[in-house]
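Contents: one structure, followed by commentary.
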Amino acid sequence: MSSQIPFLELLKRRTVLFDGAMGTSLITAGLSAGESPEGWNLSNGTVVSEVHKAYVEAGADVIQTNTLGGTQLKLKASGLGDHVKKINAQAVRLARQFCPPDKYVAGDIGPTGQFLPPVGTCTPEEMEKNFREQAEILAGEGVDLFVVETMYDLQEIALAVRAVRDISNLPIVATVTFDRKPKGFFTIMGNSVADCARELAAAGADALGSNCGLVSADMADLAPLWRRSTELPILMQPNRGQPEMIDGKQNYQQQPEPFAEDMVRIVKAGADAVGGCCGTTPEFIALIHKRLTEEGLMIRKV
Ligand SMILES: [Zn+2]
């Protein structure tokens, strides 16, 4: 831990590389449809830690814990509601296992799967309690930062950021999932990038951005919008193309090369950190690392 530069300081010094998808690698390893990926922290921990290890070897600076669906509400839906503590605590240990002291373990928090009124019936208090519980476990196990990600609803992500901020002073990266509409980029509830930037900064996030939903070319168009909307560091983690369904399985066709070229565009547009979302593998992260290095973009020229 002693050789580690504080995460927010690192973001000022150079481009930071996050890891790629976890679920995609677990599906390849046999995770079945409908099975909780987080459950594998307990049942197949070796597989999970090997995925983390592969991302470290690919050059990722930040490893995200396998806890996207680690709230009680989300785990309950897979029959794992009684194992919130064990699943989240074990996730941090698995991420730390092959993580060198100068790299970072990010406690990953995702949507509860429930909706606030008027769309759903989950109360803000119930949601907040869920995020707080998960964040306390992750912080207790010694994560270096939090990533609140794959959030479609600005209200829910703002609530999650506030809940984490309430219990911890660690850096919080908050990434929103947008749709591309004819008029631009919006959440499913219709919030713009500027709305999200304002709300999430007010909630206490230290870095903002987008992950999931969009492919790399769309994220390359979205990056300048984020850059214009906030002075905070930004993180962009696109999906690997649009998956095609083959034999009932999602199949991602995009190759690493065009993805990595879009990531070069994204960093040139002002992103401070990049990584991958659904469909990406360590091969993608290794190529992004190589291309950003070749372009001189791993070092920030201020
Ligand atoms: Zn994704």
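The values are calculated or read from the model by the stated rules, or taken from the named source; none is laboratory data. Since the structure is predicted, the reported quantities are computational estimates derived from the model, not experimental observations. Glycine also receives a Cβ, built like all others from the backbone with ideal geometry; neighbour counts cover every protein chain displayed. Areas reflect the complete protein model, heavy atoms only, side chains present, ligands, DNA and RNA absent. Shrake-Rupley method; radii C 1.70, N 1.55, O 1.52, S 1.80 Å.
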Checklist line | Spin-label pair SER3/LYS76, simplified geometry with 7 Å Cα→Cβ offset, distance in nm | finding: 4.5
Notebook entry, point to check: Which one of GLU125, GLU136, GLU231 has the biggest mean-square fluctuation once the chain is modelled by GNM with Cα springs under 10 Å?
Noted result: GLU125
Notebook entry, point to check: Is segment 2-135 rounded, prolate or oblate when judged by the Cα gyration tensor, a ≥ b ≥ c being the square roots of its eigenvalues, rounded requiring a/c under 1.5 and prolate requiring a/b larger than b/c?
Noted result: oblate
Check: Rounded to the nearest whole Å², what accessible area per residue is found for segment 7-294 with the 1.4 Å probe?
Finding: 40
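Please report, in debye to the nearest 20, how large the charge dipole of segment 175-301 is about its Cα centre when each Lys and Arg carries +1 at its beta carbon and each Asp and Glu carries -1 there.
Values: 14 positive and 16 negative charges, 58 e Å.
Once rounded to the nearest 20, the dipole reads 280 debye.
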Notebook entry, point to check: Of all DSSP beta bridges in the chain, what percent run antiparallel (nearest 5)?
Noted result: 20
Item checked: Calculated from backbone phi, Karplus (6.51, -1.76, 1.60) coupling profile of segment 60-67 in Hz, x at Gly/Pro -> 5, 8, 10, 10, 9, 4, 7, 9
Notebook entry, point to check: Of LEU73, CYS278, ILE167, which is farthest along the charge dipole of the chain in the positive direction, counting Lys and Arg as +1 and Asp and Glu as -1 at C-beta?
Noted result: ILE167
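What value, in deg cm²/dmol to 500, does the helix sum -39500 (n - 2.57) over DSSP H runs of n ≥ 4 give at 222 nm once divided by the residues of the chain? Mind showing how you got there, number by number?
Values: 12 runs with 132 residues, N = 302.
Calculated mean residue ellipticity at 222 nm is -13000 deg cm²/dmol.
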Next item on the list: For segment 252-267, just list the computed ³J(HN,Hα) in residue order, Karplus coefficients 6.51, -1.76 and 1.60, θ = phi - 60°, integers in Hz, with x standing in for Gly and Pro.
Entry: 8, 9, 4, 8, x, 4, x, 4, 5, 5, 5, 5, 4, 4, 5, 5
Notebook entry, point to check: Taking +1 at the Cβ of each Lys and Arg and -1 at the Cβ of each Asp and Glu, which of PRO224, LEU145, THR177 sits farthest along the dipole of segment 7-294 towards its positive end, judged by Cα position relative to the Cα centre?
Noted result: PRO224
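Mind checking the dipole of the chain: about its Cα centre, +1 per Lys or Arg Cβ, -1 per Asp or Glu Cβ, Debye to the nearest 20? Don't skip to the end; give the middle numbers.
Numbers: 29 positive and 37 negative charges, 96 e Å.
Around 460 debye, computed over the chain.
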Note to self: Probe radius 1.4 Å, ligands and nucleic acids ignored: give me the carbon and sulfur share of the accessible area of segment 7-294 as a rounded percent.
What the structure shows: 51
Item checked: Reach of LYS103 by Cα under 26 Å, taken over lysines that are not fewer than 8 positions away in the same chain -> LYS12, LYS53, LYS85, LYS86, LYS268, LYS290, LYS301
Item checked: Per-residue HN-Hα couplings for segment 8-17 [Karplus 6.51, -1.76, 1.60; θ = phi - 60°; Hz; x = Gly/Pro] -> 5, 5, 4, 4, 7, 7, 7, 5, 10, 9
Notebook entry, point to check: Amide H to amide H under 5 Å from THR71: which residues, 5+ apart in sequence or cross-chain, H placed 1.01 Å off N in plane?
Noted result: GLY110
Next item on the list: Any chance you could look up the accessible area of LYS12 with a 1.4 Å probe, heavy atoms only, rounded to 10 Å²?
Entry: 140
Check: Under a 5 Å amide H to amide H cut-off, with H placed in plane at 1.01 Å, what residues pair with GLY209 once short-range neighbours are removed?
Finding: ALA174, VAL176, LEU235
Notebook entry, point to check: Once amide H atoms are built 1.01 Å from N in the peptide plane, which residues 5 or more positions from THR280, or in another chain, come under 5 Å H to H?
Noted result: ALA21, ARG240
Next item on the list: On a C-alpha basis, how far is the centre of segment 234-302 from the centre of segment 41-107 in Å? Whole number, if you could?
Entry: 21
